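Heads up, the thing below is written out as structure tokens.
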Amino acid sequence: MSALTTFDYRSLRARKARFATMLEKKTVRFGLVALISLFLLGGITLTLIGQFSAGIMLSSIAAWPLMILVWYHYELHNIPPTTKQLSLDGLLAGDILGRLPVHPSPQHIAMAVMGIPGGHFFVARFGIGPNFLTELSSTSPEHSQPIWERAYQLREQLGAATINANMVVVALVEHIPGRDQLLAQLQLDMEDIVNGAAWFEHIHEIIAKHQNSKITGGIGRDWSFGYTPLLSRFALNVSDQVLRSGLLNRDIEGHQDVLRQITSLLAGGGRQNAVLIGPTGVGKTNMVYAFAEQLMMPDGNIPKSLRYRQVVALDPASLIAQAGGRGELEGLVQNLFVEAIKAKNIIIFLDEAQLFLQDGTGAVDLSNLLLPILDGGAVRIILAMDEQRWLQLAQQNPSLAQYMNRVNVAPLNQADTMLVLEDQLLIMEFRYKVTYMYQALAEAYRLGERYVQDQAMPGKAISLLESAAQQAEGGLVTAHSVQQAIEKAFGIKVGNAQAIDERETLLNLEQLIHQRMINQSRAVTVVSNALRRARAGVRNQDRPIGTFLFLGPTGVGKTELAKSLAAVYFGGENRLVRVDLNEFGQPQDVNRLIADGAEDPHSLTAQIGKQPFSVVLLDEIEKAHPNVLNTLLQLLDEGMLRDIKNRAISFRDAIVIATSNAGADRIRQYIDAGQDLDQFEQPFINELIDSGQFKPEFLNRFDEIVVFRPLKPEELLQVVDLIIASINKTLAVQKVSVHLADAAKQVLVETGYDPRLGARPLRRVVQRAVEDLVAKRMLSGQVAAGSVIEVSLEDVQGVLQS
Amino acid sequence: MLFVGLFSWWYGAGWLQLAQQAIGRVVSMADFFSISLLLKTLVAPYRQISVGQVNGPLGVKLHAWADLQLSRVIGAMIRLVVILFGLAATLLMFVVALALMIIWPFVPVLPILAGVLAFGNAS
């Protein structure tokens, strides 16, 4: 390591690097080309006018500038490292070396690297602007040594020949004072920057790989194999496509293992077939493409029996479109397989194999046709399907399943998914004409894992990044673009509260809710606090936003609070997912609760799967069967619930409110005894536990247990005002409004209040009295647009008596 | 000092690089014409145009065998022609590469040689 202190500014390699930096300018190279042309033209002219010797000499002088251009192209452009001794000037990449002064300070180094592709990469992908490094780096040359040492360490780690700009950028960032806070502002940490260095190195490897000429067998490759006109018509030649377009495939251990298994199965004795089993989006199709590429560009690991074999994927849509009936279709597929057998170099690939093995829309069951083909083993076949379909198939057609060799393709972890995304985005960037930032990739993984349930990694992150391309800002796909994409798709709020409107709403949540419901201040406050914690990003991300148990008699506002919350903050009352647990009193009702959305779109898991940003109201929880309550425990604990197909549904963006009337009479007794809520709340909860109505482990799952007390008479008058306000809102379209006399309100409260049912009958009574009255007056022509309908005590009494 | 760098590269790594490139081009050309593959499969039935294995009376089997041999002969003829073409092209590529390799060391001294030639003629 100490040898790295040697930086010889005057070494031959350093001089070459500076000369290369000069030649990098297009104008200089153009000048050299012009010089070459001038010498040649001059020489030719002299020769033509008879000055043969002078002409030859002048022309030959063109050899010297030509030599410089050749030298630049083959060596200076990418100067190889000096392997004889370990020194900085021997190991630094030429583009950095050529830009360094005699005694480079960290700031000089930063200026050098930020002006070349390695630095540009971090600007575009990570948002680390050129000034970020140059202004914050030390100006003292003594501080350069640790930077070189770290860059050297990264070179070893990444297995690169030279110390490149990406490694130097990492080293520079590491040595910036207060770097963690600065990186945090860019939603990054140091590990991300190191990953960036590896990513840049990988891009270089891809470029180098594609620059090397490919050995693909040549024009006579397929002459020993048969013609396949039918297959050309009804199947996609995967091998041809891979050869034409190339394939970006990262060496991921899990995937390499799958490829080795496919190769071994298809080359070995016995049944030469494989069925790739894994969830959608896991990369099964991509595995087959990678396998096809290996066969077309075989290395020593590919057995001779598989070299230059072509993978063709049957296209079910074109087959069904071509064949009129089932018999015709079977005949066509039979001919395709016969053609593949005769050709001797075809591997048939049935992607989404259930389309060929089960009857359905756009699908046809050809398993009886496939059985003898698989039995004969005359053609190699690869199938791909998900676990569920495979199990169904194995159940329906065990003999077919017996013939197949199973290969599992597992979802990737975060690190491997990021590697796949880094490759895939090169294709997506070309397709959508955008640039993806690293933060967008990381966010796509995070949000995909949390919200996208119908795919596995890396597919879900890729889908999300594709959607995010539509949200690009100035051609740049950022973490915010990904958040917007998921917000649009699921109607949730994933970023922290930034908009002024939303912040205002959050800060004034209590007042806004109280515009819709009276009192119950403690309940309103705890729910509002939970939401503020969530939107400020300080809550536990692995649980629901908040879980609350509301206890109290009927008609005191428990459900109304849930509705108000949905309306005020979640975007409307339709954001309330209500489950009446009195309908879940049997043990088998658990299945209804977690039913598959395709079979029951109203199951709890189906509704939250579609709309994760919701208020979940579990009404009358005490009436649910203990099995149902046990199922709900996982939801309350981890914010996840597995549906009947074992898919994890996230409740982590929902507020869960459970309500119960348990102990309502006891609450009334406490109130009648003149006790305040604060005094009896805890003893009351203890009583509920002691009486066995709720188990302590169940109650402990809730963030807060809130007891609602019955409304007082003066509060009921306010409830009447709220109901009248809601009637006026409806009447606003007709440009009229209603005003009630105080005595009339009092009568309505007396009529509508029931100690057992709370304020619930009040709404019905007020609506009936007022709406009936208004309807009659409007129909009789007594009400003109813009007028206020005055309702007196007598009016109300008249309506109520009738 | 830069001239030292240029000349040491020209007569060292540069010349070697030229040779490696030449070899790469020759290999690519041989691959393009599938010379190695065609030699290995010289007598394989061309494009599998034959009736293949048949079960039946001896006459039918003989007919199928003759059919297969015809396919092999046609295949061998086509492959031979392509192999010959490929070899010629590869050889040409090799000759060009060799010529470049020979000319390469004279390029730096070309103006000097031309000067000597010009002044020699003048005197």
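No lab work stands behind these numbers, since they all come straight from the coordinates. Everything quoted here is computed from the prediction, not taken from an experiment. Cβ placement follows ideal geometry from the backbone for every residue including glycine, while neighbour counts extend to all protein chains displayed.
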Q: Determine the principal axes of the Cα atoms in segment A:143-203, then give the extent along each, sorted from largest to smallest and rounded to whole angstroms.
A: 33, 28, 14
Q: Starting from the Kirkwood radius over alpha-carbon pairs of segment A:655-731, derive D by Stokes-Einstein at 10 °C in a medium of 1.306 mPa s and give it in µm² s⁻¹.
A: 107 µm²/s
Q. Can you tell me the Rg and the Dmax, both Å, for the Cα atoms in segment A:702-802?
A. 15.3, 55
Q: Using only alpha carbon pairs under 8 Å that are at least six residues apart, calculate the relative contact order of chain A and give it in whole percent.
A: 8 percent
**Q.** Nearest-20 debye value, segment B:2-115 charge dipole, Cβ charges on Lys, Arg, Asp, Glu
**A.** 300 debye
Q) Against the longest principal axis of chain A, how steep is helix A:558-568, in degrees 0 to 90 to the nearest 10, with axes from Cα atoms? A) 40 degrees
Q.
Give me the Å³ per residue figure for the convex hull around the C-alpha atoms of segment A:313-438.
A. 159 Å³
Q: Among DSSP beta bridges whose residues both lie in the protein assembly as shown, state the antiparallel percentage, nearest 5.
A: 20 percent
(Q) Taking each pair of distinct Cα atoms in segment B:2-115 once, what is the resulting Kirkwood hydrodynamic radius in Å? (A) 18.0 Å
Q) How big is the Cα convex hull of the protein assembly as shown in projection, averaged over all directions, in nm²? A) 60.8 nm²
Q | Within the protein assembly as shown, helix-based [θ] at 222 nm, where runs of 4 or more DSSP H residues each add -39,500 (n - 2.57), nearest 500 | A | -17500 deg cm²/dmol
Q. Suppose every K and R has +1 on its Cβ and every D and E has -1 on its Cβ; what is the size of the dipole of segment A:697-740 about the Cα centre, in Debye to the nearest 20?
A. 300 debye
Q | Charge sum, other residues only, whose C-beta stays under 10 Å from residue A:422's C-beta, Lys/Arg counted +1 and Asp/Glu -1 | A | +1
(Q) Straight-line reach from residue A:712: which lysines fall under 22 Å, measuring Cα to Cα and dropping same-chain residues less than 8 apart? (A) A:558, A:563, A:745
Q: Just need the relative contact order of segment B:2-115 here, percent rounded to a whole number, with Cα pairs under 8 Å and 6+ apart.
A: 35 percent
(Q) Under 14 Å between alpha carbons, and skipping anything fewer than 8 positions from residue A:284 in its own chain: which aspartates and glutamates qualify? (A) A:257, A:351, A:352, A:386, A:387
Q: First select every other residue whose beta carbon is under 13 angstrom from the beta carbon of residue A:784; then total the charges, Lys and Arg +1, Asp and Glu -1.
A: +2
Q: Please go through the residue pairs A:214/A:344; A:214/A:342; A:488/A:645; A:488/A:610 and name each one whose alpha carbons sit more than 18 Å apart in this structure.
A: A:214/A:344; A:214/A:342; A:488/A:645
**Q.** segment A:387-441: mean projected area of Cα convex hull, nm²
**A.** 5.9 nm²
Q) Cα gyration tensor of segment A:310-365, axes a ≥ b ≥ c as square roots of the eigenvalues: rounded (a/c below 1.5), prolate (a/b > b/c) or oblate? A) oblate
